[in-house]
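Take a look at the structure set out below.
Laboratory data are not the source of any read-out in this text; all were calculated from the coordinates shown. This one's a predicted model, so the numbers in the text were calculated from it and none came from an experiment. All Cβ positions, even for glycine, are placed from backbone atoms using ideal geometry, and neighbour counts span all protein chains on display.
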Amino acid sequence: MAMREKRWRDRLEPVDRSSRSTLVALVLACATLITLDHVGGALDPARRAVGEFVGPAEDAANGVVAPFEAVPRWFHTRSSLEDRVTALKAENALLRQQVATTALDRNRLAEYDGLAATASTVRHTLVPAHVIAHGPAQSFSQTVTIDAGTAAGVHADLTVLNNDGLVGRVISATRSTATVLLLLDRDSVVGGRLGSSMEVGFLQGRGQLSGDATLDLKLLDGAFIANKGDTAVTFGSEDGAPYIAGVPIGKVTAVYSSPRETSRRVEIKPFVDFTALDLVGVAVPSGTRSDRGLVKPGQSAAKEAGR
Amino acid sequence: MSLVRGFLALLLLLVAVLLQVTFFPHVAWHGVVPDLALLVVVAAGLTRGPQFAAVLGFTGGLLLDLAPPADHYAGRWALALVVVGFVVGRIRPPGQGSRPEPVMVVAAAAAASFLGTSLFALSGLVLQDPVVSVPDMLQVILVALVWDVLLTPLLVPPMMLLFRRTEPARVSLA
């Protein structure tokens with residue numbers, strides 16, 4: 001063992017004084033450099049100087065290296081190139097479609113956000129649904145079809161709303177669709193209440209479906225004069241059917257009084273834009289079984305309700 | 001003459017560093033490239049001894065520390081390569097013109113790669129330069145080791161020949 005060690009030692013370079021002192025000097029130099037850089041800033045000029053020199057050299061080297069680096073790319077078969085063209089075309093089409101539908105997607109997202117907020121506000125579980133068909137004006141009724149039916153827990157006499165306010169109520173439902181009678185319809189009568197004075201009345205549609213369609217509010221107290229800009233909300237029915245309480249309907253825009261009638265007619269502009277209906281929510285009792293995700297009121301709203 | 005030799009060594013280092021940052025990233029495995037500068041220092045150590053290799057290691061390390069993509073504290077690679085150069089220089093077989101066996105060259109390169117990358121990583125740990133976990137570090141060190149061992153038979157013998165050709169007559173110390 002000792003002999004082997006000795007032989008191994010003999011094979012090693014004898015270390016002379018100068019190379020050892022060189023090592024110490026270099027290690028100290030390294031430590032100095034690290035310290036200087038650690039303290040900060042002192043080596044920036046050196047770094048920049050080296051960069052000024054090495055940067056162009058790297059650029060040139062990259063130019064020399066690029067052809068070699070590209071060698072594997074020359075060996076492509078025709079079929080693999082065709083495959084790539086097909087794949088890229090498909091990707092292109094997909095991306096183009098995405099670009100084209102970005103605005104729609106963004107609006108949809110905003111609507112879902114609004115619906116979730118509405119669920120919290122009215123403290124009701126909502127079934128999200130899209131309007132898929134509008135009834136024609138020739139039928140003289142304002143109805144729409146939504147893509148949620150009994151399978152989603154929707155049945156007749158449920159409140160339909162969106163993130164702006166009350167839309168209407170469900171009048172019939174199939175397995176996968178439901179028909180909604182809009183507020184604007186002549187047959188639609190909703191019990192409402194003015195927010196500032198708690199005066200009650202009935203809101204009736206006028207059978208128009210245009211951007212500036214309005215509702216008539218007939219107040220029970222004929223002597224009361226409504227204020228312009230006052231908000232009407234639903235006062236609700238027994239068991240929340242057909243209308244749940246506290247859903248905003250619209251704003252008072254004009255007040256008419258005629259001596260012929262015992263009550264005053266108040267004109268209400270609905271908050272909902274009926275010409276651009278898309279995502280709506282159907283208020284269902286909690287615990288409803290549904291084939292889709294329900295929009296539930298948020299944690300904070302539930303807490304407030306419990307208080 | 002010694003100026004020309006020094007310039008030649010510097011040129012070799014520069015080419016090594018340039019290849020390391022321009023060509024090898026295209027063939028890198030998990031982003032790890034072979035340490036060409038380290039192999040230059042190994043070749044120098046095996047032919048020219050600890051003093052020359054340490055100085056060359058310092059120069060090459062400094063180049064790696066200051067050349068553009070680098071953003072670590074300057075001096076870390078220099079420290080690692082100085083130690084590598086010195087250690088490899090120490091295992092050089094004594095005597096003018098004596099050649100190490102091929103197995104020894106590969107073993108020296110492997111040991112140098114492990115030592116150099118570990119030293120660099122350890123200095124990073126101490127300085128908390130980039131904070132990297134030890135398992136990640138070990139993986140990088142091992143991949144670099146494999147790279148260096150693979151390239152050693154191709155690159156180190158020609159470089160050793162070059163260093164031997166440019167070596168001034170050695171004074172025997174025995």
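Note on region B:2-165: with charges restricted to the Cβ of Lys and Arg (+1) and Asp and Glu (-1), its dipole about the Cα centre is near 720 debye. What angle, in degrees between 0 and 90 and rounded to the nearest 10, separates the Cα long axis of helix B:76-90 from the longest principal axis of the Cα atoms of chain B? Compared with the principal axis, the helix lies near 30 degrees.
Each stretch of four or more DSSP H residues adds -39500 (n - 2.57); spread over every residue of chain B, this sum gives -24500 deg cm²/dmol at 222 nm. Shielding value for B:80-90 is 3, the average number of Cβ atoms from other chains within 10 Å of each residue's Cβ.
Are there any trypsin sites (Lys or Arg not before Pro) in region A:224-272 that are in a DSSP loop and have at most 10 other Cβ atoms within 10 Å? List them by number. Taking region A:224-272 and a limit of 10 other Cβ atoms within 10 Å, the loop trypsin sites (Lys or Arg not before Pro) found are A:R260. Among the residues of A:40-51, the average count of other protein chain beta-carbon atoms within 10 Å of the residue beta-carbon is 3.
The residue list A:L209, A:P136, A:V99 was ranked by how far each Cα lies along the charge dipole of chain A toward its positive end, using unit charges on Cβ atoms, and A:V99 comes out on top. Local charge for A:V200 was computed over the other residues whose Cβ lies under 9 Å away, with Lys and Arg +1 and Asp and Glu -1, and equals -1. Placing +1 on the Cβ of every Lys and Arg and -1 on the Cβ of every Asp and Glu, with no other charges, gives the protein assembly as shown a dipole of roughly 1520 debye about its Cα centre.
Please report the net charge: other residues with Cβ closer than 10 Å to the Cβ of B:R164, K and R +1, D and E -1. Show your work: numbers first, answer last.
On the way: positive: B:R48, B:R99, B:R165; negative: B:E167.
Computed value for this residue: +2.
In units of 2.2 N^0.38 Å, what is the alpha-carbon radius of gyration of region B:1-116?
Rounded to two decimals, the normalised Rg is 1.04.
With one equal scatterer per alpha carbon and no solvent term, the Debye-computed log10 I(q)/I(0) for the protein assembly as shown at 0.08, 0.09 1/Å reads -0.67, -0.71. Here the Karplus relation 6.51 cos²θ - 1.76 cosθ + 1.60, evaluated at θ = phi - 60°, turns the backbone of region A:267-277 into coupling constants of 8, 10, 9, x, 6, 6, 8, 6, 7, 10, 6 Hz, with x for every Gly and Pro.
Only four residue types carry charge here, +1 at the Cβ of Lys and Arg and -1 at the Cβ of Asp and Glu. Report the dipole size of region A:81-177 about the Cα centre in Debye, rounded to the nearest 20.
I would put it at about 100 debye.
Where does each of B:H30, A:H124 land when they are ranked from fewest to most other beta-carbon atoms within 10 angstrom?
On the way: B:H30 7, A:H124 25.
The fewest-first ordering by Cβ neighbours comes to B:H30, A:H124.
Give me the net charge of A:A254's neighbourhood, meaning all other residues with Cβ under 10 Å from the Cβ of A:A254; Lys, Arg count +1, Asp, Glu -1.
+2
What do you get for the angle between helix A:44-69 and the principal long axis of chain A? Use alpha-carbon atoms, 0 to 90 degrees, nearest ten. Taking Cα atoms only, the helix is inclined about 80 degrees.
The ellipsoid equivalent to the alpha-carbon distribution of region A:107-289 has semi-axes of 27, 17, 15 angstrom, derived from the gyration tensor eigenvalues as √(5λ) and listed largest first.
Projecting label points 7 angstrom from Cα along Cα→Cβ for A:V189 and A:L95 puts them 6.1 nm apart. Using the Cβ-Cβ distance between A:Y256 and A:L104 with R0 set to 41 Å, the FRET efficiency from 1/(1 + (r/R0)^6) comes to roughly 0.50.
Using the Cα gyration tensor of region A:116-198, with a ≥ b ≥ c the square roots of its eigenvalues, what is the shape: rounded (a/c below 1.5), prolate (a/b larger than b/c) or oblate (neither)? Cα axes put region A:116-198 in the oblate bin.
I'd like the distance separating the alpha-carbon centroids of region B:24-85 and region A:61-132, in whole Å. If we compute the Cα centre of each part, the gap is 44 Å.
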